[in-house]
Amino acid sequence: MTALDAHRPAPPITETERQRATQRLCDAYGEGRLDEVELDERLSAALAARTRRELSGSLAGLPAISRQVLATRTGQIAGGLAHLSGLFTWILGPLLFHLMGSRGSSARAEAAKAFNFQLIAGPLFLVVAIAAPQLLPDWIAALTVLGTWLGWACLTVVGGARAFSGQPFRNPVTRIVPWEALDTRGR
């Protein structure tokens, strides 16, 4: 470090760096490593920080994100995407996520759940869409088909949201029809 470097002002932090730091503080609070008072103090310091040194001070003493935590978050994201991919690709997206997931991973297990649901819901929707107009008055048939489609879409989104958050979810359709084409234990 030269004498000129000592007098040069530190570059300002970016908004992305600030958001990353505040997220890390919130995660530490959620994991019980910070209490409310300390979280508030550290968030205030992070939001007021103008340099990396000041921002780093708000994170002092927090352990770095472990590989296990990172792997868990990655699995949650992949599991959520596997569920949501069913909205656009029916069984192909969840199947692709299942094939790409490593054995025993939460991502592979969630992809299997998504695949199994889509494999049951697709034919069920086709039966309703074909039978309802034949058996019911037009307006009731239309509402039945629309309700079935909305139920499928909602359960697909709920499965994805629960996977993203890491919360367990067993789809009610797969409880009623307990058939599994893919092992939901991630094997």
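The table below lists the values:
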{"read-out": "Rounded Å value of the spacing that divides the Cα centres of the range 99-154 and the range 166-187", "value": "14"}
{"read-out": "Within the chain, helix-based [θ] at 222 nm, where runs of 4 or more DSSP H residues each add -39,500 (n - 2.57), nearest 500", "value": "-24000 deg cm²/dmol"}
{"read-out": "Neighbour net charge for T14 - beta-carbon separation under 11 angstrom, K R +1, D E -1", "value": "+1"}
{"read-out": "Heavy-atom surface of the chain, accessible at 1.4 Å and reported per residue (Å²)", "value": "64"}
{"read-out": "Rg(Cα)/(2.2 N^0.38 Å) for the chain, N = residue count", "value": "1.49"}
{"read-out": "Cα-based Rg / Dmax (Å) for the range 108-172", "value": "14.0, 43"}
{"read-out": "List R185, R18, R170, R73, ordered by accessible area with a 1.4 Å probe, largest first", "value": "R185, R170, R73, R18"}
{"read-out": "Projected label distance in nm at Q19 and T89, using a 7 Å step from Cα toward the beta-carbon", "value": "2.6"}
{"read-out": "Added length on full extension, which subtracts the Cα-Cα distance from 0.36 nm per residue, R73 to L99", "value": "7.5 nm"}
{"read-out": "The range 27-105: mean projected area of Cα convex hull, nm²", "value": "7.7"}
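The values are calculated or read from the model by the stated rules, or taken from the named source; none is laboratory data. Treat the numbers as computed from the prediction; the structure is a model and nothing was measured. Every residue, glycine as well, gets a Cβ built from its backbone with ideal geometry; the counts of neighbours run over all protein chains shown. The area values use the complete protein model at the heavy-atom level, side chains included, leaving out ligands, DNA and RNA. Shrake-Rupley method; radii C 1.70, N 1.55, O 1.52, S 1.80 Å.
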